[in-house]
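The values are calculated or read from the model by the stated rules, or taken from the named source; none is laboratory data. These numbers were taken from a predicted model, which means no experiment stands behind them. So basically every Cβ, Gly included, is an ideal-geometry build from the backbone, and we count neighbours across all protein chains shown.
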Amino acid sequence: MKNLNTLLAGIFLAVALPFGALVISSQVQLGSLGRAPAEEGGPLFPSREPGLAIQGRAVYVSLGCVSCHTQQVRPTGQGSDIARGYGARPSVARDYSQQKLVLLGDRRIGPDLANYGARAKTLDAVHAAIQHNGQYVFLYTGVKNDVASERAVALAAYLQSLRQDYSSPEAKLKK
Amino acid sequence: MTQENRSGRPQGRPPEGDSRLTWTEVQLRGPFLLFFVSAVIWLLAASVLGVIAALQQGSLVAGPFRDCEILTYGHVAAAQRNLFVYGWGFNAFFALNLWLLSQLGRFEFRNGWIATLGGAVWNLALTYGVIQIFAGNQTGFGLLEFPREVGPVLAVAFLLAGFWPIVAFARRPTGHTFASQWFVVGASFAFPLTYLLAQLLVLWQPASGVVQAIAHSWFVSNLLLLWFGASALAAVYYFLPKVLGRTITGYYLAPVAFWTFFLFASWTGPSALIGSPVPLWLQSVGVVAGAMLIVPVIITAINFHGTLSSEGGWSRAWNDTTLRFVSFGAIAFTLFGVLNAVFGFRGPNAVVRFTSFAAGQEQLLVYAFATMVLFGSAYFVLPRLTGSLWPSAKLVHVHFWATALGAVASVVALLVGGFESGKQLADASVSFQQVAKGGSSWNVALSVSAVLLLVGHVAFALNAFGMILKSSAPASAGRHD
């Protein structure tokens with residue numbers, strides 16, 4: 001404890017080893033995940049993100065939506081996410097492999113959005129939800145706040161693109 | 001048990017300081033006051049935002065600044081958390097860590113302008129980052145919200161402002177070292193390393209997919225435990241024996257506490273990702289590390305509460321302003337460690353996941369522990385450095401009671417409120433709206449606690465600034481030499 005070099009070496013290892021074991025090794029394990037069919041010859045999932053959705057995610061990030069909304073469905077036995085209708089199956093790492101920026105979130109002041117695109121019935125319902133009873137009306141113009149700004153259009157496209165309602169090799173939908 | 005070491009001073013007890021201002025302290029004054037004053041200003045700003053955020057969280061529809069883009073909850077909450085952590089927490093610990101290690105190492109502090117420059121750069125970068133958050137330019141990762149160009153600037157500023165404790169440790173003339181020194185050196189070294197690696201893999205060269213979330217969880221746990229936790233533990237190890245004038249109970253265990261704390265803390269990150277779409281082995285590592293962290297918690301509990309329990313220590317602590325705050329913090333840390341171990345396990349964690357519970361644990365660590373210890377330290381250090389007394393005893397009382405009650409109320413509201421809503425959420429037949437309604441009384445408590453904290457901080461700021469202004473009158477320059 002008297003030798004600075006020993007102390008610093010110990011602290012360096014205490015920080016660097018977990019970094020290597022937790023972060024680098026999961027990059028090795030998950031880094032090559034890509035689109036894959038659930039069964040041989042099937043369609044590839046997850047879909048690529050539409051361009052408008054990528055712009056919409058920038059709006060989502062900019063407004064700090066992630067401070068109230070998660071985007072992850074836990075397996076049965078870990079909370080009631082599936083029973084609550086947040087998703088048909090638990091989220092898996094592959095679902096996020098096409099996203100440049102992953103916004104799992106850690107707080108649900110509002111409901112989970114991992115599968116919102118599959119849940120939302122109509123585009124009007126999505127816009128109504130974005131307004132949060134008048135909290136985010138600044139994204140809309142018009143007398144009745146019914147004309148969506150470009151940002152609102154992009155945000156809605158992003159929210160509609162959020163879906164995990166396909167079978168993945170790691171998590172198949174129950175038939 | 002007083003084992004004498006070679007320098008003839010009992011272990012488990014910091015050296016007796018001279019009551020007069022030393023030459024070192026004259027040199028320290030400038031940078032210390034810069035860090036301290038900016039810390040308190042950021043603390044006030046964060047508390048105002050804290051009140052707004054608490055009201056907004058309680059009612060999205062009727063909360064303040066409805067339909068105002070700049071002040072939406074997503075902006076206010078992010079700015080509040082960053083200002084509190086990087087504005088208050090870092091500046092205050094820059095000041096305290098520098099002072100602590102200068103005292104313990106009899107450090108002749110030269111080239112103080114480098115620290116001052118670092119402090120100026122740190123605060124300018126912080127101001128820019130917070131303005132960017134309000135302007136809608138944030139990254140989406142908690143505590144890394146500043147746009148990515150801020151990261152390298154903050155890292156350089158940290159090296160200029162926060163690296164001095166390591167220099168002080170390296171240059172110390174005495175061979176003997178004290179627990180506080182290890183913890184401060186650890187904090188000052190672990191943070192820049194963590195920050196640079198996290199910046200790299202989360203913002204500059206983002207890892208693929210959910211690995212971003214894994215790197216982020218590793219960063220957050222390191223920031224909270226290895227910067228806030230370790231720095232504040234160092235202060236408790238110093239002030240308890242110093243003010244009580246006795247050795248730490250079971251001091252021989254302190255090295256074990258230090259190494260186990262640093263060994264396990266950095267592995268606990270993934271325990272914030274239980275149930276998330278990340279590999280199971282990773283979640284299990286986080287759970288195990290969280291449980292192992294109980295070892296340093298138990299040892300520090302023996303060290304701190306043992307010291308306080310002997311020979312009427314508690315009543316003496318209660319009657320001393322510094323120790324009143326510091327012992328409050330020491331209790332909070334023990335509580336944090338126990339909760340952290342219990343709610344790291346899958347079963348309990350599944351209940352409280354995604355509720356306010358995690359915010360409650362963070363509040364327990366960074367506020368009820370670290371911030372209260374910082375307040376206590378300020379009551380000890382500032383009179384020495386400024387050479388004057390605290391202007392108002394009443395304001396000291398207001399400060400203690402408002403912050404202590406506010407801390408308890410906010411922690412209870414977040415923890416118990418989170419646990420209750422988590423239990424309701426586990427039942428899928430209860431709708432999300434019903435759960436939100438059920439939590440509204442806890443949100444009222446949260447808003448009240450935010451106001452209490454603001455009141456306490458204003459009292460503290462008035463008292464501290466009054467004292468600094470009084471002492472900067474020209475007559476006092478160099479008075480103690």
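Here B:K242 clears all of (1) away from every other protein chain (no Cβ under 12 Å); (2) free of Cβ contacts under 8 Å to residues at least 60 places away in the same chain; (3) more than 25 Å from B:Q363 (Cα to Cα) except the condition numbered (2).
When the stretch A:82-97 is filtered for residues that are at the interface with chain B (Cβ under 7 Å from one of its Cβ atoms), among the aliphatic types (A, V, I, L, M) and out of contact with any Gly (no Cβ under 9 Å at 6 or more places or on another chain), the ones remaining, listed by number, are A:A83, A:V92. For residues that are closer than 26 Å to A:Q29 by Cβ and either more than 7 Å from chain B (Cβ to nearest Cβ) or at pLDDT below 95 (or both), scanning just the stretch A:56-73, find the one that is surrounded by the most Cβ atoms within 10 Å (Cβ to Cβ). Checking each candidate, the answer is A:V73.
Tell me which residues, restricted to the stretch A:105-122, are part of a loop (DSSP other than H, G, I, E, B), within 13 Å of another protein chain (Cβ to nearest Cβ) and of a type in the set (K, R). Answer for the stretch A:105-122, where residues must be part of a loop (DSSP other than H, G, I, E, B), within 13 Å of another protein chain (Cβ to nearest Cβ) and of a type in the set (K, R): A:R107, A:R108. Meeting the requirement of 1 or more residues that are in contact with a Lys or Arg (Cβ under 9 Å, 6 or more places away or on another chain) and touching a residue at least 40 places away in the same chain (Cβ under 8 Å), the helices (runs of 4 or more DSSP H) wholly within the stretch A:1-99 are A:25-30, A:51-62. Every condition in (1) within 30 Å of B:A459 (Cα to Cα); (2) surrounded by fewer than 17 Cβ atoms within 10 Å (Cβ to Cβ) is met by B:V430 except one, and the failing one is (1). Taken together, B:L308, B:L225 contain a single residue that is under 24 Å from B:A95 (Cα atoms) and either facing chain A (nearest Cβ under 7 Å) or buried (at least 19 other Cβ atoms within 10 Å of the Cβ) (or both), which is B:L225. The condition (being over 30 Å from B:G250 (Cβ atoms) and either facing chain A (nearest Cβ under 9 Å) or modelled with pLDDT under 95 (or both)) is satisfied by just one residue among B:V185, B:V156, B:V167, B:V150: B:V167. Suppose the filter is within 11 Å of the chain's Cα centre (by Cα) and among the polar types (S, T, N, Q); does A:Q160 pass it? Against the criterion (within 11 Å of the chain's Cα centre (by Cα) and among the polar types (S, T, N, Q)), A:Q160 does not qualify.
Taking B:V202, is it in a helix (DSSP H, G or I), of a type in the set (V, I, T), over 12 Å from the mean Cα position of the chain (by Cα) and surrounded by fewer than 22 Cβ atoms within 10 Å (Cβ to Cβ)? When the stated conditions are applied, B:V202 does not pass them. With respect to (1) modelled with pLDDT under 95; (2) under 20 Å from the mean Cα position of the chain (by Cα); (3) among the β-branched types (V, I, T), the lone exception for A:V23 is condition (1). Scanning the stretch B:273-294 for residues that are buried (at least 18 other Cβ atoms within 10 Å of the Cβ) and more than 14 Å from chain A (Cβ to nearest Cβ) yields a count of 1.
Taking the stretch B:175-198 on its own, how many of its residues are outside any helix (DSSP H, G or I) and not small (G, A, S)?
Quick first cut of the stretch B:175-198, residues outside any helix (DSSP H, G or I) only: B:175-178.
So of that shortlist, the ones also not small (G, A, S) come out as B:176-178.
The total comes to 3.
What's the total number of residues in the stretch B:325-357 that are in contact with a helix residue (DSSP H, G or I) (Cβ under 6 Å, 6 or more places away or on another chain) and basic (K, R)? Adding up the residues that qualify gives 0.
One residue stands out among those in the stretch B:256-272 that are polar (S, T, N, Q) and assigned to a helix (DSSP H, G or I): the one that is modelled with the highest pLDDT, which is B:T260.
Criterion applied to B:N91, B:N82 was being over 30 Å from B:S441 (Cα atoms) and touching a residue at least 40 places away in the same chain (Cβ under 8 Å), and the one residue passing it is B:N91. Checked against the criterion of being free of Cβ contacts under 8 Å to residues at least 40 places away in the same chain, at positive phi and within 7 Å of chain A (Cβ to nearest Cβ), the stretch B:201-216 has at least one qualifying residue. Just one of the numbered conditions (1) surrounded by 16 or more Cβ atoms within 10 Å (Cβ to Cβ); (2) out of contact with any Asp or Glu (no Cβ under 8 Å at 6 or more places or on another chain); (3) more than 7 Å from chain B (Cβ to nearest Cβ) is not true of A:V102: (3).
Residues in the stretch B:232-251 that are crowded, with 23+ Cβ neighbours inside 10 Å, among the hydrophobic types (A, V, I, L, M, F, W, C) and within 14 Å of B:G312 (Cα to Cα): B:L240 only.
Scanning the stretch B:188-199 for residues that are of a type in the set (A, V, I, L, M, F, W, C) and either within 7 Å of chain A (Cβ to nearest Cβ) or under 16 Å from B:G269 (Cβ atoms) (or both) gives B:F189, B:A190, B:F191, B:L193, B:L197, B:A198.
Considering the stretch B:102-120, and only residues there that are surrounded by fewer than 18 Cβ atoms within 10 Å (Cβ to Cβ) and free of Cβ contacts under 8 Å to residues at least 60 places away in the same chain, the residue that is nearest to A:V66 (Cα to Cα) turns out to be B:L117.
Each row is one residue, and each column tells you yes or no for (1) modelled with pLDDT under 95; (2) under 13 Å from the mean Cα position of the chain (by Cα).
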position	(1), (2)
B:D67	yes, no
B:V76	no, no
B:Q80	no, no
B:L83	no, yes
B:F93	no, yes
B:N97	no, yes
